[in-house]
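Throughout, read-outs are computed from the coordinates displayed, never taken from laboratory work. Computed from a predicted structure; not experimentally measured. Neighbour counts are summed over all protein chains in view; Cβ atoms, including those assigned to glycine, are modelled from backbone coordinates with ideal geometry.
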Amino acid sequence: MRQMRKGDAVTDRDGKRTAPTGALGDEPACETGADDLSADVVVVGAGPAGSSAAYHLATCGLDVILVERHGLGRDKVCGDGLTPSAVRELVRMGVDTSTWQRNRGLRVIGGGHRLHIPWPEQASLPSYGLARRRTELDRDLAEHAAAAGARLLTGVTATGPATTAAGRVVGVDAKPTARVTRPGIPVPATLRAPLVIDAGGVSARLATAVGRRKDERKPLGVAVRAYFRSPRAADAWMESRLELWDGPPNRSGLLPGYGWLWSVGDGLVNVGLGSVSSRAATTKVDYRAVFERWVASVPESWAFTPDKRVGRLASAALPMAFNRKPHYADGLMLLGDAGGMVSPFNGEGIAQALMSGRLAAEAAAQAAARSTAIGRERALGQYPAALEAEMGGYYTLGRVFVSLIEHPEVMRVCTRYGLGRKHLMRLVAKLLSDGWERRGGDAIDRFIQLLTRMVPAA
């Protein structure tokens, strides 16, 4: 896997020449020694994408360093819901989910309709979903990766990529994070590897540093989320409410998106909303105000009163439909949110993040077995090809979907007349949850397969 030769000069992102490469050069960067700071792969970000990659890389026998700038268990704005697609990836990783909150399917409400859609039993997908607070999910996955052999460094901030004079990424410049009491490195250092993975979330600092910009033509979502204690915290359904009003209910325009609420365990319900725009453009919508109006409209049985709120009301951007490319080039891979892998259909990103980690590791393992630089690059190039095959057509359909529901009149027709048609909703449920079979399956699965082949890749 190692593609650098001893004596190759390395520059930082400002063009400053650093020590030649041996492992780390003639002098170790810090007291831990050169061997501790070099690996086959460095993964930045211990969220679902990074931990998935680190786990799969370690099980393939590669030496991997997993870097997280916070301590384990940091919070992130997220619905905390795991569809069967995400559960499938967790099963592949051997993660113990026996104590996690299970759900039976979707409860969809809108346009005067109330519809229950159970998760179907399929060949490649389980018939249940899960929910797990992100503080716990990210901790569990990072520890799972470490148990598999990944070297987990917490309290370490990646400040930028280390590159060769030709611009190839060969490592990560890092420093201890002051607010974390037990850093993974004592002083600033360079973590060296022939392959670096940016799984650092929507900021994508490494990708941005090497010039990989967002595609403003791709959809961008916004999510707002809070936790509430509720007497209905044991509800077995993931509830989606499709009517988000930009003003007084039934007297203003419908926003393209939905509100959600579902149990995450320990008596808590994740309550939030997500809205989307077909292009990454600024909006004048006050989503926090929309959230407050929407929560006030939820039935009193949920008891979402201010005194029951736990923690802060938080918001975040959702990068969608591969809005940052290339996903691999010059020694740097992009995973999860860093590569814009949130689904335009439902704002889900965890399943895609987990899958991207697995696909990245598969490509890296194949590259490690090649004996030439050309062979290694061809193997690594299979990662973006695998992403396109898995999600490219699906995300293109998602972009069409977003462009339609942006129009309030279309959204109104869909909720009023579409929800009452069960066969149509089975199709919609599979599309929205990415719960369709890629091969075989029933008539709906084959129809979606046909659609994804007919449209250009994302």
Only helical DSSP H runs with n ≥ 4 go in: add -39500 (n - 2.57) per run for the chain, normalise by residue count and round the 222 nm mean residue ellipticity to 500 deg cm²/dmol.
-> -8500 deg cm²/dmol
Pairs over 30 Å Cα to Cα, from Lys325/Lys422; Lys76/Lys308; Lys214/Lys284; Lys76/Lys430, come to Lys325/Lys422
If one computes the Cα centroid of the stretch 376-437 and of the stretch 312-368, what distance in Å separates the two points?
-> 16
Proxy reagent accessibility, fewest Cβ within 10 Å first, across Arg438, Arg225 = Arg438, Arg225
Among DSSP beta bridges whose residues both lie in the chain, state the antiparallel percentage, nearest 5.
-> 70
Amide H of Leu195: which non-local residues (sequence gap of 5 or more, or other chain) have their own amide H closer than 5 Å, using H built in the peptide plane?
-> Val42
Cα-based convex hull, the chain, per residue volume (Å³, whole number) = 141
Which three lengths, in whole Å and largest first, does the stretch 384-445 cover when its Cα atoms are put on their principal axes?
-> 38, 25, 14
For Ser127 and Arg446, calculate 0.36 nm times their separation in residues minus their Cα-Cα distance, and state this gained length in nm to one decimal.
-> 112.9 nm
Geometric extent, Cα atoms of the stretch 236-345 - Rg, Dmax (angstrom) | 16.8, 55
Enter the Cα centre distance for the pair the stretch 101-167 and the stretch 235-290, rounded to the nearest angstrom.
-> 20
How far apart, in nm, are the 7 Å Cα→Cβ label points at Val413 and Ala457?
-> 3.4
Extension reserve of the Arg74-Glu292 stretch, reckoned as 0.36 nm per residue once the Cα distance is removed = 76.0 nm
Longest to shortest principal axis, alpha-carbon extents of the stretch 418-458, angstrom = 31, 22, 15
Angle, helix 443-454 long axis vs. longest principal axis of the chain, Cα atoms, 0 to 90°, nearest 10?
-> 50
J(HN,Hα) series, the stretch 54-62, from Karplus relation 6.51 cos²θ - 1.76 cosθ + 1.60, nearest Hz, glycine and proline x | 4, 4, 5, 4, 5, 5, 7, x, 8
Ranked from highest to lowest mean number of other Cβ atoms within 10 Å per residue, what is the order of the peptides 336-343, 449-456, 232-239?
-> 336-343, 232-239, 449-456
Could you line up Ile374, Ile185, Ile65 from fewest to most neighbouring Cβ atoms inside 10 Å?
-> Ile374, Ile185, Ile65
